[in-house]
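No value in this document is a laboratory result; all are computed from the given coordinates. For clarity, every value in this text was computed on a predicted model and none was experimentally measured. We place every Cβ from the backbone using ideal geometry, glycine too, and count neighbours over all the protein chains shown.
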Amino acid sequence: RWAAGDYVVRRGNLEGTHDGLLKVQRLKKTGKKLSLPYIEIMKMKGGKIAENWLFYNGIAFATQLGFLDPKK
């Protein structure tokens, strides 16, 4: 994590197995492994998160779970 003024930046990696329903997109489980780096930026106000932005590679996410074919 890094902080500057009212902003905090966090870099991380989401890893796991897609073994349940993704309710947001209604995607059924695939059983495939996932490793996805991300960056999160938070704007703080009064010691609390006022705004939050999450950045990740959606194409890599869909490809790793088999929803996109990188050869096409």
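General remarks:
- Mean separation of Cα contacts under 8 Å (6+ apart) over length of the chain, as relative contact order %: 27 percent
- Descending principal axes extents, the chain, alpha-carbon based, whole Å: 44, 25, 19
- Charges were assigned to the Cβ only: +1 to each Lys and Arg, -1 to each Asp and Glu. The resulting dipole of the chain about its Cα centre is roughly 200 debye.
- Top positive-direction residue, dipole computed over the chain with Cβ charges, set Y56, W2, G20: G20
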